[in-house]
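Structure, as structure tokens:
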Amino acid sequence: MLPFIKKRTKIYEGKAKVLYESGQPGLIIQHFKDDATAFNRKKHAIIEGKGVLNNFISELIMDKLSGIGVPTHFVRRLNMREQLIRRTEIIPLEVVVRNIAAGSLCSRLGLEEGLVLSRPIVEFYYKNDELGDPLVTDEHILALDWAAPHEMNSIVNNALRINDFLTGLFSGIQLILVDFKLEFGRVEDEYGETQVILADEISPDSMRLRDSRSGEILDKDRFRKDMGGVKEAYQEVARRLGVLPKDILNGIIPPDGETEN
Ligand code: TMP
């Protein structure tokens with residue numbers, strides 16, 4: 001007999017995730033795929049098990065951030081690849097926080113990778129694949145009404161708090177947080193007031209992490225730079241965070257479906 005597969009309405013399919021209706025008001029399902037893309041989809045591969053690892057890593061980080069008072073969309077993990085999240089109206093920005101020069105900061109300004117910045121930089125990119133996510137300033141964001149001034153304050157304050165917290169969390173497991181990307185969305189409370197909360201995911205797909213002793217790259221840069229060992233790097237991050245799913249430990253990669261755990 002074929003396994004029972006629930007029919008669900010797809011809301012949106014992105015490069016690494018799919019969003020589905022949950023049937024519960026204000027809540028949707030975020031499904032993590034194994035697809036990896038880089039350079040605006042020019043490069044694509046399937047990294048077996050990546051979706052499961054990112055689901056667990058993002059759950060842990062979002063939980064810890066809620067614990068320090070950062071509002072997030074995360075509600076609970078449903079299974080190996082899916083989590084229940086609050087439905088938000090996504091603000092069309094990629095908010096990047098950098099501690100050490102890498103990636104596009106180096107290519108844009110001719111800096112050497114590894115330069116330690118004297119203070120963190122918060123950058124904004126307009127989320128638009130067709131335009132290749134161009135860098136914008138808060139002047140563009142405010143003039144184009146992508147976010148209000150008080151929303152920008154909340155985004156920058158939370159981005160810097162998240163940076164402080166994650167830098168400490170990772171340094172405790174011998175990882176250096178070079179940079180990372182956040183997305184935020186709006187939700188409405190029962191009084192009709194909007195609030196900006198952390199959305200999307202936080203995982204080695206959206207961060208640069210280096211081993212603090214060897215300098216080894218333990219994030220998606222392994223894929224961007226064709227270094228191999230992508231899955232092993234994500235597994236190592238999950239192992240150090242203490243969230244390596246037992247199926248993966250036993251060498252079983254759950255299928256791209258709803259495996260209850
Ligand atoms: P960048 O150096 O390529 O601008 O990347 C900065 C950080 O943002 C890095 O940790 C990777 C992350 N990032 C994403 O999560 N999604 C993206 O589309 C890009 C370009 C970067």
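The stretch between Asn40 and Val116 holds 24.7 nm of extra length on full extension. This uses 0.36 nm per residue minus the Cα-Cα distance. Excluding same-chain neighbours fewer than eight residues apart, the aspartates and glutamates reachable from Lys43 by a Cα-Cα span under 19 Å are Glu13, Asp34, Asp35, Asp129, Glu130, Asp133, Asp205, Asp219, Asp221, Asp226. Of Val243, Val18, Val116, the residue with the greatest mean-square motion in the GNM of the chain, using alpha carbon springs below 10 Å, is Val116. You can think of it this way: the chain between Arg86 and Leu169 has 27.4 nm of extra reach, that is 0.36 nm per residue less the Cα-Cα gap.
What do you get for GluC sites (Glu not before Pro) in segment 58-122 restricted to DSSP loop and a cutoff of at most 15 other Cβ within 10 Å of the site's Cβ? Before the final figure, lay out each step's value.
Details: sites: Glu59, Glu82, Glu89, Glu94, Glu112, Glu113; in loops: Glu112, Glu113.
When the GluC sites (Glu not before Pro) of segment 58-122 are filtered for loop state and at most 15 Cβ neighbours within 10 Å, Glu112, Glu113 remain.
Report the residues of segment 72-92 in range of a label on Val243: point 7 Å along Cα→C-beta, backbone N strictly under 16 Å from it. Flagged as within label range: 72-86.
Across Leu244, Leu117, Leu19, mean-square fluctuation computed from a Gaussian network of the chain (C-alpha pairs under 10 Å connected) peaks at Leu117.
Determine the alpha carbon to alpha carbon distance for each of Lys17/Lys127; Lys50/Lys246; Lys15/Lys64; Lys15/Lys246; Lys181/Lys246; Lys17/Lys42 and list only those over 23 Å. All intermediate terms of the calculation are to be shown ahead of the outcome.
Working: Lys17/Lys127 16 Å; Lys50/Lys246 14 Å; Lys15/Lys64 26 Å; Lys15/Lys246 26 Å; Lys181/Lys246 28 Å; Lys17/Lys42 17 Å.
From the list (Lys17/Lys127; Lys50/Lys246; Lys15/Lys64; Lys15/Lys246; Lys181/Lys246; Lys17/Lys42), the Cα-Cα distance tops 23 Å for Lys15/Lys64; Lys15/Lys246; Lys181/Lys246.
Considering segment 152-261, its Cα convex hull presents a mean projected area of 9.6 nm².
Considering only Met207, Ala143, Tyr12, and ranking their Cα positions along the charge dipole of the chain that arises from unit charges at the beta-carbon of Lys, Arg, Asp and Glu, the one farthest toward the positive end is Met207.
Please work out how much length the chain gains when fully extended from His150 to Ile11, using 0.36 nm per residue of separation minus the C-alpha to C-alpha distance, in nm with one decimal. Walk me through the numbers on the way to the answer.
Details: separation 139, 0.36 × 139 = 50.04 nm, distance 2.89 nm.
Difference between extended and current length: 47.1 nm.
Taking the inverse of the mean 1/r over every pair of distinct Cα atoms in segment 1-124 gives a Kirkwood hydrodynamic radius of 17.1 Å.
In segment 144-206, what chymotrypsin sites (Phe, Trp or Tyr not before Pro) fall in a loop by DSSP, with at most 14 other Cβ atoms inside 10 Å?
Passing sites in segment 144-206 are Tyr191.
For the chain, the Cα-based Rg and Dmax, in that order, read 18.1, 61 Å.
Using only C-alpha positions, report the orientation-averaged shadow area of the convex hull of segment 1-73, nm², one decimal. Write down the numbers at each step before the final one.
Working: hull surface 28.8 nm².
Directional mean of the projected Cα hull area for segment 1-73 stands at 7.2 nm².
Remark: Thr37, Thr194, Thr9, Thr72 ranked as Thr9, Thr194, Thr37, Thr72, counting other beta-carbon atoms within 10 Å and listing the fewest first. Each residue, Asn157 and Ser212, gets one label point 7 Å from its Cα in the Cβ direction; the gap between the two is 2.9 nm.
How would segment 97-174 be classified by its alpha-carbon gyration tensor: rounded, prolate or oblate, with rounded meaning a/c under 1.5 and the a/b versus b/c comparison settling the rest? Because a/c hits 1.5 or more and a/b fails to exceed b/c, segment 97-174 counts as oblate. Ranking Ser104, Leu182, Gly228 by how far each Cα lies toward the positive end of the dipole of the chain (charges on Cβ) leaves Gly228 at the top. Among the chymotrypsin sites (Phe, Trp or Tyr not before Pro) found in segment 14-89, those both in a DSSP coil and sparsely packed, with 16 or fewer other Cβ atoms within 10 Å of their Cβ, are Phe39.
The distance linking segment 56-87 with segment 200-218 is 19 Å (Cα centroid to Cα centroid, whole angstrom).
Any idea what the dipole of the chain comes to, in debye rounded to 20, about its Cα centre with Lys/Arg Cβ at +1 and Asp/Glu Cβ at -1? Intermediate values should be presented prior to the final figure.
Details: 35 positive and 41 negative charges, 150 e Å.
Value, rounded to 20: 720 debye.
The aspartates and glutamates within cross-link reach of Lys10, meaning a Cα-to-Cα straight distance under 12 Å and a gap of 8 or more places when in the same chain, are Glu21. By the count of other C-beta atoms within 10 Å, a proxy for reagent exposure, Ile29, Ile90, Ile176 are ordered fewest to most as Ile90, Ile176, Ile29.
Legend: helices of the chain (whole DSSP H runs) are marked when their alpha-carbon atoms reach 18 angstrom or more along the helix axis and their mean Kyte-Doolittle hydropathy is at least -1.0; marked are 50-67, 149-171. Say a paramagnetic label sat at a point 7 Å from the Cα of Ile68, along Cα to Cβ; which residues of segment 130-167 have their backbone N under 15 Å from it? Answer for segment 130-167: 156-167. Take the Cα of Arg76, step 7 Å toward its Cβ, do the same at Thr194, and the gap between the two points is 3.0 nm. Build a GNM of the chain with springs between Cα atoms under 10 Å apart, and of Gly23, Gly14, Gly192 the one that fluctuates most is Gly192.
Each value in this text was obtained by applying a stated rule to the coordinates, not by laboratory testing. Everything quoted here is computed from the prediction, not taken from an experiment. We place every Cβ from the backbone using ideal geometry, glycine too, and count neighbours over all the protein chains shown.
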